[in-house]
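The numbers here are math on the coordinates, done by the rules we state, and not lab data. Everything quoted here is computed from the prediction, not taken from an experiment. Because the Cβ atoms are built from the backbone with ideal geometry, glycine has one as well, and the counts that use them run over all protein chains shown.
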Amino acid sequence: MDIRVLRYFLTVVREENISRAAEILFITQPTLSRQLQELEKELNTKLFIRGKSKITLTESGMLLRRRAEELIELADKTEREFLFKEENISGTISVGCGETMAVKALSEFIAAFSKEYPEVRFEIYTGASDHIKEEIDRGLLDVGLLMEPIEIEKYEYIRLKQTERWGVVLRSDNPLCEKNAISVGDILDVPLILPRRLGTQGVLRNWFGEDFNHLRIIATGNLIANSARLVMQGLGSAVTIEGAVDLYQNQQLCFRPLVPKLENNSVLVWKKYQPFGQAASKFIELSKYALKA
């Protein structure tokens, strides 16, 4: 049993499908199946229950998953300890992020990292959380800054200190701008632009309660930049987080927080069991100390 095969095993566990795992690992499905069969033979136990659409773990498989995670973490840590003895770090780090308050902390960390490792180049991708997750899953992004709630099981992550406060973006001539905060009753009859992401809508549904079903939802959007333009044109008011508005706020718009207060956290995530380049490995290692709440 070697580390490479354990990485194969954990990739299959994560994807719940041998074909998808083989694509991610850039090997053929027969090769991966053979490696798994040899692993089962070596351990003299059955690791998987193979279904029509996905595979699940036996009790032995669940035990191996825990042990494999421990072994790979130790192996990676040992490799990093020797790798980072030479601090001549170079390469490219691909970072995905949305329009959140936490981007400020991330950008400060990137700037500090770049100063320490000037040979490292950054590729920054701005998008909605679901798109960033897809790019991470495909291996096109090293890390992503996402706003909760998200399904976190596939990822290693750091929960950031900053919280994201929810509120409403209004056109500056809207009488609601005179209020210090916005309650449910203030916007029940107001045309609203909501986030498109279903997980985020779930957060808002919980906040609004039964009133959510009576909202005048005129549009949805995945980035506040476009929603803000619709607000300026008088289409409606946008429910969003304060950090996003901070990027686009001008004299034509105002932001008022929701009351009772509604907040979410942001997380920096990266794919479990994913081998990273020298630069990305160092970035992740240092981010655990610089960004963690």
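General remarks:
- Region 1-51 - Kirkwood radius from inverse mean 1/r over Cα pairs (Å): 10.9
- Orientation-averaged projection of region 165-263 equals 5.4 nm² [convex hull of Cα atoms, one quarter of hull surface area].
- Taking other C-beta atoms within 10 angstrom as a stand-in for reagent exposure, Ile110, Ile93 fall in the order Ile110, Ile93, fewest first.
- Note on the chain: GNM, Cα springs under 10 Å; of Ile49, Ile217, Ile193, the largest mean-square fluctuation is that of Ile49.
- Gyration tensor verdict on region 1-114 (Cα atoms; rounded if a/c is under 1.5, prolate if a/b is larger than b/c, oblate otherwise): prolate
- Zero-based 10 Å bins, Cα pair distances in region 90-168, whole percents: 17, 49, 30, 4, 0
- Low-density loop positions, trypsin sites (Lys or Arg not before Pro), region 20-117 - DSSP coil, at most 14 other Cβ in 10 Å: Lys46, Lys52, Lys54, Lys85
- Secondary structure note: in the chain, about 60% of the DSSP beta bridges are antiparallel.
- Karplus-derived 3J(HN,Hα) values for region 158-168, using 6.51 cos²θ - 1.76 cosθ + 1.60 with θ = phi - 60°, are 10, 8, 7, 5, 5, 10, 9, 8, 8, x, 10 Hz; glycine and proline are entered as x.
- Sorting Ile55, Ile132 from the fewest to the most surrounding beta carbons within 10 angstrom yields Ile55, Ile132.
- Footprinting exposure proxy ranking of Tyr117, Tyr125, fewest other C-beta atoms within 10 angstrom first, gives Tyr125, Tyr117.
- All lysines inside 25 Å of Lys179 as judged from Cα atoms, apart from same-chain residues fewer than 8 positions distant: Lys261
- The HN-Hα couplings worked out from phi for region 264-270 by the Karplus form 6.51 cos²θ - 1.76 cosθ + 1.60 (θ = phi - 60°) are 9, 9, 10, 10, 9, 10, 8 Hz, whole numbers, x standing for Gly and Pro.
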